Amino acid sequence: MVYALVYAENADIVATYDSYEAALTELAAFVEHDPYLQDEIGLRPYEDGRPAGDWTPASQLVEDHTPHLAGL
């Protein structure tokens with residue numbers, strides 16, 4: 001399983017990670033830098049180059065990692 005950081009608007013893959021934990025850490029750092037993108041970027045799992053689950057926005061995934069973003 002590979003986890004990709006994906007922009008919602010055009011489905012561009014920003015980066016891929018071999019573990020969910022690494023992907024989540026990088027997603028949190030991305031949103032920390034640009035908090036207003038928390039609904040525009042998220043994670044999607046891939047297996048064998050094909051989507052293996054739904055895209056989930058950062059706003060739903062990184063609240064524990066970036067609690068100060070909750071009000072944005």
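Couple of notes before you dig in:
- Choice from Asp39, Asp18, Asp48 showing the highest fluctuation, given a GNM over the chain with Cα pairs closer than 10 Å: Asp48
- Most mobile listed residue (Thr25, Thr56, Thr16) in the chain, GNM with C-alpha springs under 10 Å: Thr25
- Overall dimensions of the chain, expressed as equivalent-ellipsoid semi-axes from the Cα gyration tensor (√(5λ), whole Å, largest first), are 20, 12, 9.
Bear in mind these aren't lab numbers, they're just calculated from the coordinates by the rules spelled out. Please read all numbers here as calculations on a predicted model, not as lab measurements.
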